[in-house]
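The values are calculated or read from the model by the stated rules, or taken from the named source; none is laboratory data. All figures in this text were calculated on a predicted structure; none of them were measured in a lab. Cβ sites come from the backbone with ideal geometry, for glycine too, and all protein chains shown count toward neighbours.
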Amino acid sequence: MNKRRITKVAVSIWDGRISPVFDVCRKVAIYDIENQNIIAHTNVSIVPNNTYLKIQKLIALGVDTIICGAISEALYQQLYDHGIIIYGFIAGDINQVINAFLNNTLNTPSLSMPGCCQNRYRMRAFLNRRGGNKTRCQNRIQRRGKN
């Protein structure tokens, strides 16, 4: 007997787009996804300035994947340590982003935050100590095991 596998994806939202900074976002859209199809969707308020409560709320909701804009290394690491997959530094319209997630095309340049994953000075400041000369974005892509 096959066990149903439903993925719960939280997308940080602000005015119909991905919230620019996950650490202070106030609302997430929760999508239940099965076999690349959305089977349920709801918007949920989360505590914007309390990292512990934000993480606990996401865990209580059963979230296993987060799509967001910028995210601090500390929050990223705590979510990662709880087994949550993070697609950070994403920008764009919510519908466009969730469709890209469903089609496994989230890593397209048009959905990256401006300046993200480019070989620019401001990204060099975020070199990951464990990853050598890769930007933090490139390490996140590598750590989550995708493209």
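Taking the condition surrounded by 15 or more Cβ atoms within 10 Å (Cβ to Cβ), under 20 Å from Lys27 (Cα atoms) and either at pLDDT below 95 or not acidic (Asp, Glu) (or both), does Ile86 pass?
yes
If you go through region 27-53 and pick out every residue that is surrounded by 17 or more Cβ atoms within 10 Å (Cβ to Cβ) and modelled with pLDDT under 95, you end up with 1.
I'm checking my understanding of the structure. Among residues of region 12-26 that are of a type in the set (Val, Ile, Thr) and either touching a residue at least 40 places away in the same chain (Cβ under 8 Å) or in contact with a Leu (Cβ under 6 Å, 6 or more places away or on another chain) (or both), which one is surrounded by the most Cβ atoms within 10 Å (Cβ to Cβ)? Selected residue: Ile18.
Annotation: of all residues in region 48-77 being closer than 16 Å to Ile13 by Cα and part of a loop (DSSP other than H, G, I, E, B), the one that is nearest to the chain's Cα centre (by Cα) is Cys68.
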